[in-house]
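Scroll down for the structure; my scribbles are underneath it.
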Amino acid sequence: MRTIQTKVLPHDWFQEVSDFDVGSSILSRNAKVIASRLIQFIKEEKKNSLLNPLAKALILYVVFGKKFLTRFYDSVPAELINDGMNETKGDKGFNFTRKLHSVFVEFIIYKKLDSNGFKFKNIARTSGSCDLVMEKNNRDYNFEVKFKESKDIFKSRLFDNIDGMSLLDEYSFLRGETYDIQVNSQNIDDKIQKEVLIDLENFIVNKKDVYNGKHIDIFNVKNRRKATRDIKKVSEYIYSLRISQELTAENAISELIQKMLIDNNGHITKLVNKSKRIANFNGCLVWDVPFHNDIDCESAKTAFKSLKLDFNLYVFIGGVLKVDCDFFIGKQ
């Protein structure tokens, strides 16, 4: 559950952001490139741009002087920043948010690889090429980056969406209230994510304290009894609050890898397929599991090693900005 923020944007916020002179601002060089692309997105999406966390952060920077980005991204090569922003051109709404997120994961992976002695090579991307080409000891390495998030992380992004829309005066009913969300769908693919956003829009527009959608239920915690009268829903809701321990035992981790990363053309399966046609292929898997308090890193490493992959795999488990467990599995 989360308590929604209490600020409200002034009525002229959109004009203020549209008129913002990125070039003369005190933002760093890389931040200016990112901000310029976000300004375009905000102008196209208007109030719906608040559904994008980074666009919301820029709006709060312009209007309220809040922080925008961190110095973390200043050392990412300018070419990589430019390429990443160019990749988002033409994307709108949910597709833009999804693409932008994947681009930022690549920036973070670059930083990790750079700390391990790899250097970025500015090579034009072509259709089907890998996300990053890095050089080490006069040899080129192709890195394909995959990001997997738990259902809990997806749920937190929905709270971010509600938080963003609450900044608008017309949705004042959200501000300062505590809401909870129950995600009813197990496999949150791109199609379902788009449908969930429709659920979210219906909840906000209809201004209900309790909303039962196709894929999610949203309710003000003051009305929890009203929201969960059905005994099955009560059980599902209570179960959703439990902290999972699935990353503490090797057999459980192996089952989770199979279910989340291999079955139904999962990320590991995609990496295997791509590795067959690209030389010096390396996989990078970022697995965001913030609600796992305990991660047995050695058990996780052993579980991944048992896959016997024919390419090098770098695994980062526990988060994107704060990685709790990372390791390397050499090809076997």
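The values are calculated or read from the model by the stated rules, or taken from the named source; none is laboratory data. Note that the structure is predicted; figures quoted are calculated from it, not measured. Cβ placement follows ideal geometry from the backbone for every residue including glycine, while neighbour counts extend to all protein chains displayed.
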Q: Write out, first by first residue and then by second, each pair whose Cβ atoms fall under 7 Å of each other, whose residues are 6+ apart or on separate chains, and whose first residue, in the range 194-208, is on the phi > 0 side of the Ramachandran plot while the second is assigned to a helix (DSSP H, G or I).
A: LYS207/PHE173
Q) Applying the selection to the range 265-293, what residues are surrounded by 14 or more Cβ atoms within 10 Å (Cβ to Cβ), at pLDDT 85 or above and either over 20 Å from the mean Cα position of the chain (by Cα) or assigned to a loop (DSSP other than H, G, I, E, B) (or both)? A) GLY266, VAL272, LYS274, SER275, ILE278, ASN280, PHE281, ASN282
Q: Please indicate, with yes or no, whether at least one residue in the range 256-264 is on the phi > 0 side of the Ramachandran plot, at pLDDT 90 or above and surrounded by 14 or more Cβ atoms within 10 Å (Cβ to Cβ).
A: no
Q) Out of the residues in the range 196-205 that are modelled with pLDDT of 90 or more and not aromatic (Phe, Trp, Tyr), which is nearest to LEU158 (Cα to Cα)? A) LEU200
Q. Within the range 148-164, is even one residue crowded, with 16+ Cβ neighbours inside 10 Å, in contact with a Gly (Cβ under 9 Å, 6 or more places away or on another chain) and assigned to a strand (DSSP E or B)?
A. yes
(Q) Among the residues of the range 40-59, what is the count of those that are buried (at least 21 other Cβ atoms within 10 Å of the Cβ) and under 10 Å from VAL17 (Cα atoms)? (A) 3
Q: Could you please give the count of residues in the range 184-211 that are under 24 Å from ASP169 (Cα atoms), of a type outside the set (Asp, Glu) and not in a helix (DSSP H, G or I)?
A: 4
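Yes/no matrix, rows are residues, columns are (1) in contact with a strand residue (DSSP E or B) (Cβ under 9 Å, 6 or more places away or on another chain); (2) surrounded by fewer than 21 Cβ atoms within 10 Å (Cβ to Cβ); (3) of a type outside the set (A, V, I, L, M):
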| residue | (1), (2), (3) |
| --- | --- |
| SER28 | no, yes, yes |
| LYS32 | no, yes, yes |
| LYS67 | no, yes, yes |
| GLY84 | no, no, yes |
| GLY90 | no, yes, yes |
| GLY93 | no, yes, yes |
| ARG98 | no, yes, yes |
| HIS101 | yes, yes, yes |
Q | Identity of the residue in the range 212-226, assigned to a helix (DSSP H, G or I) and without any contact (Cβ under 8 Å) to a residue 40 or more places away in the chain, that ends up surrounded by the fewest Cβ atoms within 10 Å (Cβ to Cβ) | A | ARG225
Q) Which one is surrounded by the most Cβ atoms within 10 Å (Cβ to Cβ), of the residues in the range 129-147 that are more than 19 Å from PHE104 (Cα to Cα) and touching a residue at least 60 places away in the same chain (Cβ under 8 Å)? A) TYR141
